[in-house]
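The values are calculated or read from the model by the stated rules, or taken from the named source; none is laboratory data. Quick caveat: nothing in here was measured; it's all calculated off a predicted structure.
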Amino acid sequence: MRKSKYDKFVFVACLIVFLYSFFFAEWETVYVDDNISDQFKVVDHIVYPSSVLIAPLACLFFFLLMVFDEELLVVDRYWVKDKIGEGVKAFKKKMREGIDEYKEFRNRD
């Protein structure tokens, strides 16, 4: 993963969305169905917008990307590609030898 110059802007945007949705956006109050009296309504729960749950997680994610930006730099892992390439070449060579041995066996009869 690589660091990006836009991490700070996304972090601030997610923080603004979270604060707006938590403090200024309307939430729905769900009441308990009270058949006894309509004067006293008991609040069952409050339904917040989904951005109240999603924005803090995104904000935390981009905050961690900013904090650990040096640890997320690209790592030189070309030796893995080289080992895989060597394995594929060895496999092809072994298969070719097996095919040649089979052809010799078939021609011997």
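Tabulated results
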item: Single residue of Phe68, Phe91 found to be modelled with pLDDT of 75 or more and farther than 30 Å from Ser4 by Cα; result: Phe91
item: Of all residues making up the stretch 12-31, the number that are under 28 Å from the mean Cα position of the chain (by Cα) and β-branched (Val, Ile, Thr); result: 3
